[in-house]
Amino acid sequence: MQSSVSLLLRPHFCIFPAMSTLKPASLFFAILLLILSCDGLKVPKHIFETSERRKYERSFSGSDSAMANWKGSFSAAVANRLTIPEGTSFVVAADSAAMNAIGYSLELKKGDQLIIESNTNKPNAKIFVDLVAPGANIDDAESSLMTNNRFSAFIENTGLYKVVIQPEIEFSENYGLLFYTQPSLSFPVTGKGNRNVQSFWGASRDGGGRSHEGVDIFASRRTPVVAVADGFITRTGNQGLGGKQVWQRDALLGNSYYYAHLDSILTESGRNVKTGDTLGWVGNTGNAAGGPTHLHFGIYTTGGAVDPYPYIRIRPVPKQNSKTAIPASKHTKAGTNLRAGPGTQYEILTTTDTKTRVRILAVSGSWCHIRTHDGKEGFVLRDRLDP
């Protein structure tokens, strides 16, 4: 029997006559091109797989029933209609028999940095995170693993995102989870913060002739203006509405950052800069002449200008509460409302007619995320639970 490798590389009717004369590196790429383009040759599925979940599923050597249950729990978490606000902390009830996956939707803004932290006594355990963008299919999600009890993702579009968290099979201890966001960029004016932003994206300008494509950050003259990210300076000058200005290209995302109305420019075109490097001083040049000193800060992507405030809005890091006890209760009282989120402001998904057997999946403060015996999920108040 021929090996799978020899079958994979067998050329059939698509042959490069000069292949034998190619150098090793060139030969490799020629073979790769052959694999990708020739009839009769197929690329093995998942040869370039990056999804941690799929890699785990293929390498799992346990029972088929265990994997089926694990996948079933994931599907249930994907399908639920639950929503949480950022800053929510949970204690998750890990059950090696139920293989609990939990899934929540979060409203996120373009420019946010989503951060999910776990608190577990098993730092080497695999905890999978699937983040699904608005309008995307779960099959298109790139499943990741928590690294050092942390997951982080830059949010590219504003909308409702689905997050599913699931430990590996046989993980069997309760663990903490914290969902929150941080700015993806550093604040551009030294010593200042959100309260100094006093003119926002979309504000009317020139009697309604144009809208404000950025934010204005007010500060004293000659307050340092600093780079919001690593990158390089593409242009400096003194012209137009912005007066003395600096343009920076982001080394990672490719966005352009615009710093305008400067009193002085302290950098030059072509210079590499690091986050926090001083680019100039706050001023009131250009069409800000005679007015209060401030920095106009703008962000331009390949699609045009975007609201920069979510990128720079400073927000506190919430505390993770991993000591909340999981109730021993197994039932809800008759007439209990199952809500779409941990609060009375959330939609009532269903109401139990009778005392109903449930499984507690997670706890956040006085709210418990539960699943009924027939697969319905929702949040209920702790005092609505019975033994």
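Read-outs: derived from the displayed coordinates by stated rules, not from any lab. Computed from a predicted model, the values in this text were never measured in an experiment. Note: ideal-geometry Cβ built from the backbone for every residue, glycine included; neighbour counts use all protein chains shown.
For a distance above 13 Å, tell me the whole-number percent of Cα pairs in segment 324-387 that qualify.
Taking all Cα-Cα pairs of segment 324-387, the fraction more than 13 Å apart is 54 percent.
Report the full-extension gain for the segment Val317 to Glu156: residue separation times 0.36 nm, less the Cα-Cα distance, to one decimal in nm.
55.8 nm
With a point put 7 Å past each Cα toward its Cβ, work out how far Asp374 is from Leu145 in nm, to one decimal.
4.0
Given charges of +1 on the Cβ of Lys and Arg and -1 on the Cβ of Asp and Glu, with all other atoms neutral, how large is the dipole of segment 194-312 about its Cα centre, in debye to the nearest 20? Each step should come with its number before you reach the end.
Details: 10 positive and 9 negative charges, 38 e Å.
Roughly 180 debye, rounded to the nearest 20.
In debye, nearest 20: dipole of segment 73-123 around its Cα centre with unit charges on the Cβ of K, R (+) and D, E (-)?
Numbers: 4 positive and 5 negative charges, 20 e Å.
So the dipole magnitude of segment 73-123 works out to roughly 100 debye.
Please give every one of the lysines within straight-line cross-link reach of Lys55, meaning a C-alpha to C-alpha distance under 24 Å, and leave out same-chain neighbours fewer than 8 residues apart.
Excluding near neighbours in sequence, the set is Lys42, Lys45, Lys71, Lys122, Lys126, Lys162.
Arrange the following residues from fewest to most other Cβ atoms within 10 Å of their Cβ: Arg357, Arg313. Walk me through the numbers before you get to the answer.
On the way: Arg357 10, Arg313 19.
Starting with the residue having the fewest Cβ neighbours, the order is Arg357, Arg313.
Sort 166-178, 137-149 by packing, meaning the average of other beta carbons within 10 Å per residue, with the highest value first. Before the final figure, lay out the partial values.
Details: 166-178: 18.9, 137-149: 14.2.
My ranking of the peptides, most packed first, is 166-178, 137-149.
Per-residue HN-Hα couplings for segment 299-316, Karplus 6.51 cos²θ - 1.76 cosθ + 1.60 at θ = phi - 60°, whole Hz, x for Gly and Pro?
Residue by residue, segment 299-316 yields 10, 10, 9, 4, x, x, 5, 10, 5, x, 4, x, 5, 10, 4, 6, 9, x Hz.
Check Val226: other-chain or 5+ apart residues with amide H under 5 Å from its amide H, H built from backbone geometry?
Val189, Thr190, Leu279
So if R0 is 22 Å, what FRET efficiency would Glu170 and Ala325 give, r being the distance between their Cβ atoms, rounded to the nearest 0.05? Walk me through the numbers before you get to the answer.
Details: r = 23 Å, r/R0 = 1.06.
Efficiency at R0 = 22 Å is approximately 0.40.
Give me the one-decimal nm value for the distance between modelled label points at Thr344 and Asn69, 7 Å along each residue's Cα-to-Cβ direction.
Using points 7 Å along Cα→Cβ, the separation is 3.9 nm.
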